[in-house]
1. Regarding the stretch 15-29, can at least one residue be identified that is at pLDDT below 95 and part of a loop (DSSP other than H, G, I, E, B)?
2. For the stretch 28-45, what are the residues that are exposed (fewer than 14 other Cβ atoms within 10 Å of the Cβ) and under 22 Å from residue 11 (Cα atoms)?
3. Of all residues in the stretch 30-44, which are in a loop (DSSP other than H, G, I, E, B) and out of contact with any helix residue (DSSP H, G or I) (no Cβ under 7 Å at 6 or more places or on another chain)?
């Protein structure tokens, strides 16, 4: 997901455990070292938002 140009972006801060950050860093390492943590988080959120919910 690319950042929209000309649109206001909101900064969202999150707290993360060392384990969560390590898992994020492993996910990034699998995709290439040029991927930043913020971009990785955006991509993961986008994947989650596009996922089909499991039936209840």
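The values are calculated or read from the model by the stated rules, or taken from the named source; none is laboratory data. Here the structure is a predicted model, which means the values were calculated and not measured. In this analysis, Cβ positions are derived from the backbone assuming ideal geometry, glycine residues included, and neighbour counts consider all displayed protein chains.
1. Scanning the stretch 15-29, I find no residue that is at pLDDT below 95 and part of a loop (DSSP other than H, G, I, E, B), so the answer is no.
2. 34, 36, 37, 38, 44, 45
3. Answer for the stretch 30-44, where residues must be in a loop (DSSP other than H, G, I, E, B) and out of contact with any helix residue (DSSP H, G or I) (no Cβ under 7 Å at 6 or more places or on another chain): 30, 31, 32, 33, 34, 36.
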